[in-house]
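The values are calculated or read from the model by the stated rules, or taken from the named source; none is laboratory data. As the structure is a computational prediction, the values presented were derived from the model and not from experiment. Neighbour counts are summed over all protein chains in view; Cβ atoms, including those assigned to glycine, are modelled from backbone coordinates with ideal geometry. Surface accessibility is based on the protein's heavy atoms, side chains included, excluding ligands, DNA and RNA. Shrake-Rupley method; radii C 1.70, N 1.55, O 1.52, S 1.80 Å.
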Amino acid sequence: MNSPLFVSLLLAASAALAQEPIALCSEEPIEPAKHLAREIAQDILHDQKAIWTSPFHMTGKDSGLWLTFGAVTGVLIATDSRSTRQLPNTGDQLAFSRNVSEVGALYTLVPVVGGLFLSGVLTKQPKLRETGLLGGEALVDALIVSEVFKVATGRQRPLEGNSGGHFFHGSDSFPSGHTIESFALASVVAHQYQDNKAIVFLSYGLATLVGASRFSARQHFASDIVAGGVMGWFIGRHVFERSKEGRRSVAKALLSPQVVPHVQPSDRSFGILLAWHP
């Protein structure tokens with residue numbers, strides 16, 4: 001993509017993350033690539049199980065959000081064929097929008113998460129390194145979810161058929177892949193750096209820009225964009241929260257040692273051992 005806007009957006013995102021202070025803690029060991037890949041694969045499998053079974057164990061708050069999301073998506077689907085014709089839809093508009101939307105393409109986002117991971121390794125910032133890993137997992141999760149929905153719904157794109165956005169016609173409009181991927185990564189970054197309002201604003205701002213550009217490029221309907229954005233946000237939040245589950249802080253670990261029974265038949269001794277695992 002030959003776009004000054006694209007370059008400036010990525011530079012702005014990189015600068016914002018670079019301004020985060022380096023954590024003053026002991027360097028965490030880097031796992032061998034083989035072990036790391038196995039853990040990532042296991043995390044993704046667990047994510048997919050949790051994502052597809054989430055309707056059976058969602059909280060009351062989440063159920064309200066999903067009902068609202070479903071209602072809004074339904075209204076947008078009913079008005080999609082009209083709303084997509086409200087813009088001028090000139091050749092320049094479509095070309096510019098397609099270029100901007102490349103910010104949310106996988107071949108753009110994958111190098112971004114790779115860069116975050118490598119930057120965290122080289123600068124010895126565990127949080128930045130973790131952001132790259134979680135961002136990559138979120139992208140894979142979002143890709144799987146979007147592809148399943150695309151195949152299941154088979155919705156036509158705005159420039160296909162009579163522009164009615166008909167479902168079950170063997171196409172791939174619902175949801176927007178660029179949008180779900182962008183919001184999944186943005187959600188991870190925003191949750192990781194939730195105390196830095198500039199990073200939160202920039203992350204969601206870029207993802208929103210991607211969604212808007214997919215609409216103005218007539219690659220997707222408004223409902224495709226909203227569906228992709230909401231699902232991507234939930235996926236990113238899930239990946240972030242899952243990464244925190246089971247993680248014991250050092251203080252908690254020191255205050256709460258594990259009690260291990262100890263029996264030694266050879267000398268007829270027994271007792272207990274205290275084990276600390278930060």
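Quick rundown of the values:
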read-out: Test: residue in segment 150-169 that is of a type in the set (Phe, Trp, Tyr) and without any contact (Cβ under 8 Å) to a residue 24 or more places away in the chain; value: yes
read-out: Enumeration of residues in segment 138-179 that are in a loop (DSSP other than H, G, I, E, B), among the polar types (S, T, N, Q) and open to solvent by less than 10 Å² (accessible area, probe 1.4 Å); value: Ser173, Ser176
read-out: Count of residues meeting criterion [among the polar types (S, T, N, Q), out of contact with any Gly (no Cβ under 8 Å at 6 or more places or on another chain) and open to solvent by 30 Å² or more (accessible area, probe 1.4 Å)] in segment 79-131; value: 8
read-out: Top-ranked residue in segment 62-108 [being among the acidic types (Asp, Glu) and under 15 Å from Gln219 (Cβ atoms); ranked as nearest to the chain's Cα centre (by Cα)]; value: Glu102
read-out: Scan of segment 210-237 for residues that are under 19 Å from Leu109 (Cβ atoms), open to solvent by 20 Å² or more (accessible area, probe 1.4 Å) and not in a helix (DSSP H, G or I), ordered by number; value: Gln219
read-out: Residue that is farthest from Ile225 (Cα to Cα), among those in segment 180-209 that are buried (at least 24 other Cβ atoms within 10 Å of the Cβ) and out of contact with any Phe, Trp or Tyr (no Cβ under 7 Å at 6 or more places or on another chain); value: Val189
read-out: Yes/no for Gly104 being touching a helix residue (DSSP H, G or I) at 6+ places or on another chain (Cβ under 8 Å), without any contact (Cβ under 8 Å) to a residue 60 or more places away in the chain and within 20 Å of Leu134 (Cβ to Cβ); value: no
